[in-house]
Structure formats: structure tokens, C-alpha cells
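The values are calculated or read from the model by the stated rules, or taken from the named source; none is laboratory data. These numbers come from a predicted model, not from an experiment. Here the Cβ is made from the backbone with ideal geometry for all residues, glycine too, and neighbour counts use every protein chain on show.
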Amino acid sequence: MLHTRLYRNGVLEKEGFPVEEVSDHVPDRGNTVWFDLCAPTPADLALISEELGLHELAVEDVFSDHQRPKVDVYDNHLFITVYGVHCVEGRLRPVEVDVFVTANALVTVRENANFPIDEVVRHWDANSRMARHGVTFLLHGLLDYVVDSQFELVQDLDAQTEALEETLFEGQVRDPMELQRSMYVLRKNTTKLRKIALPMREVIGTLMRRDQDLVADPQMMPYYQDVLDHVLRAAEWVEAVRDMLASAGETRLAQQGFRLNEIMKRLTSWAAIIAVPTMITGFYGQNVPYPGSGTSWGFWVSTVLVAVTSVALYSAFKKKDWL
């Protein structure tokens, strides 16, 4: 299905038309056009660039990997980079979405099909009464969906981190390697989300500046302010989750150190218990006469001495909780 739409005076008039028809609708300022490109080729984007007069540096950024979320301001359009989030087998896989914003056209360029553009379209349809605000409305719907998905992910990461903390204090970890793997995956997902969530503050803040004529619609500012509020909450939350994971890692190391100390105390205690009988039997094994040498009472004295000393040491170590 072709992801294209034409709004005229705030009313959806046409959708699913070929991208080639965009140039027929853009010149009319009463129209608002949106179309979506998924993993386009340079030739595809070059055609759109010529139709809308897009800057060559913005077009070049579309094909550059690992872009930071940002807003670039050009003479006749804005270039915005944001990231959608989804997980594959528990690991975060961000999807880059580039957006070109002109006076009456919005172009979304998705890195791949893992970003559900249909969800954004449903968001627009659910708030169709605001479509009269044109491109500002469409851009808000896209950013609102992106930020909400990031907010939901940080909520999930927070829940996983709390469950991990509870596991650490259960007393006995069933599978230490699985726990270590879970901590690693959580830390990595949180780091990735932090890289794409924190710069969103600058993105929304730049769009809300009054000198941005393309999107500076006073009636839409409260809605952008709501998106900014979600961005700030998500950024603060992801930092909190990051700190919680760092504390969980330190707790895990402390537990391992404590466990190692317990093991060393037990080994040291048993070594001390064994050392006394070894000393006594070694003493009586010398090739010199000793009290009781060659008599039965000498054997029994040494045996009782070994038993009494061992029991005394065991009792002392047990009282100190070393055993």
C-alpha cells in the first residue's frame, strides 16, 4: 500500500496515490501533503529532492548511519532525525526515521519497515479534527507516537530492573550466568535508549521556538508542550533506570565478595582444625622418646588431645559464625 495522503483545508481528500503526483498538489498552499518512503534508493530521494527543493546536505544525511536525533534548519524546510524503538529477542533495535518538513508537505523516510507507520496514521485519524493545522498537526502526531513508544519502553526497562533487584535479594540465585546475561542486556538496552531519548529534548525545544515559521502554530504549542513533558519524563526515567542498574551491578559484586569471604572463613577454619592434629601426630612421630612412648596410655593421651582440641576449635569458630 502506498503511504500518501492529501489534506485540503483540514479535510482528508485523497490517499494511496502515487508519489509522482505529489508535485501536482504541493503548489496549492491550501493543500497539505504527506508521503512515506521506506528504505529508498538515492535515485528515489533525488526525485523528491528536486520536487520539493530539499538541501543536498539533508538528503545526504538520510544515507548516513548512526545519526544523532536532531533538527537541521534550512531556508525552505526542516530536516529532523528521530528513532522509533522495538525489541527483537529482548534486545533494543532502534529504527531511524528522517523527516522533511516544508510549508505544506511532510515526508517521512524510514530506515526499514520495523517502524509501524500505520500506527502514526491511526493516531492522525483519531485526532482528525486538528488536521486544519496542516503540517504542524502531522509532525506532532509523528513525534507524539515516537516519544510515547520510548516512554513505554523505559517503563518496561524500569519494571525489569525492579524484578532484577528482587532476584538479587532472594538469597540464592538459581542461575548466576542467566542473571549476569539479563543484567548485561538491560544495561545495553538502557544505554541505547538513553542515546536516542536525551537528545529529543533539543529536538522538541527547537521546534517550539517562535522563530520556526514552518511549525510555529500558537494553537498547537500546548500539544508540543505535552510532547516535551513526556520527553523530559522519559529522559529523567532512563537516567534513573541507568543508576538503578549501576547499583544492582555494585550489589551483585558486593554479594560475590561477601560469598567469597564466607568460603574463605570456612576453609581457614577447617585448615586450623586439621593443623592441630597434624601438629600433635607429627610431634609424636619424631624419632625421639616422648612421654608415653611405647605405652598404651601415651597413645590414648594423644588421641584425646586431638579430639578435645579439634572440638574446641570447631566450637569457637562456630560461635564466631565462621563455620
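Are there helices (runs of 4 or more DSSP H) fully within the range 1-69 with at least 3 residues that are of a type in the set (Phe, Trp, Tyr), farther than 25 Å from residue 84 by Cα and over 36 Å from the mean Cα position of the chain (by Cα)? List them.
Numbers: elements: 22-25, 42-52, 56-62.
Helices (runs of 4 or more DSSP H) meeting the threshold: none at all.
For the subset of the range 94-133 comprising residues that are among the aliphatic types (A, V, I, L, M) and assigned to a loop (DSSP other than H, G, I, E, B), which member is farthest from the chain's Cα centre (by Cα)? First the steps, then the outcome.
Quick first cut of the range 94-133, residues among the aliphatic types (A, V, I, L, M) only: 95, 97, 99, 101, 103, 105-107, 109, 113, 117, 120-121, 126, 130-131.
The next check asks that each one be assigned to a loop (DSSP other than H, G, I, E, B); those that pass are 103, 113.
Details: 103: 35, 113: 21 Å.
Out of the qualifying residues, it is 103.
Can you give me the number of residues within the range 241-279 that are farther than 18 Å from residue 321 by Cα, at pLDDT 75 or above and among the small types (Gly, Ala, Ser)?
5
So for the range 299-322 (the condition being acidic (Asp, Glu) and modelled with pLDDT of 75 or more), does at least one residue qualify?
Looking through the range 299-322, none of the residues is acidic (Asp, Glu) and modelled with pLDDT of 75 or more.
For a quick check of your reading of the model, give me the residue pairs whose first member lies in the range 262-275 and is within 13 Å of residue 313 (Cα to Cα), whose second is hydroxyl-bearing (Ser, Thr, Tyr), with beta-carbon atoms closer than 7 Å and at least 6 apart or on different chains.
Sorted first by the residue in the range 262-275, then by its partner, the pairs are 273/310; 273/314.
Checking the conditions here, which among 209, 181 is of a type in the set (Lys, Arg) and at pLDDT 85 or above? Write out each step before concluding.
Details: 209 fails: at pLDDT 85 or above.
Going through 209, 181 in turn, just one is of a type in the set (Lys, Arg) and at pLDDT 85 or above: 181.
In the same structural domain as residue 92 (by TED's automatic domain parsing), over 19 Å from residue 247 (Cβ atoms), part of a helix (DSSP H, G or I) and out of contact with any helix residue (DSSP H, G or I) (no Cβ under 9 Å at 6 or more places or on another chain) - does that describe any residue in the range 160-173?
no
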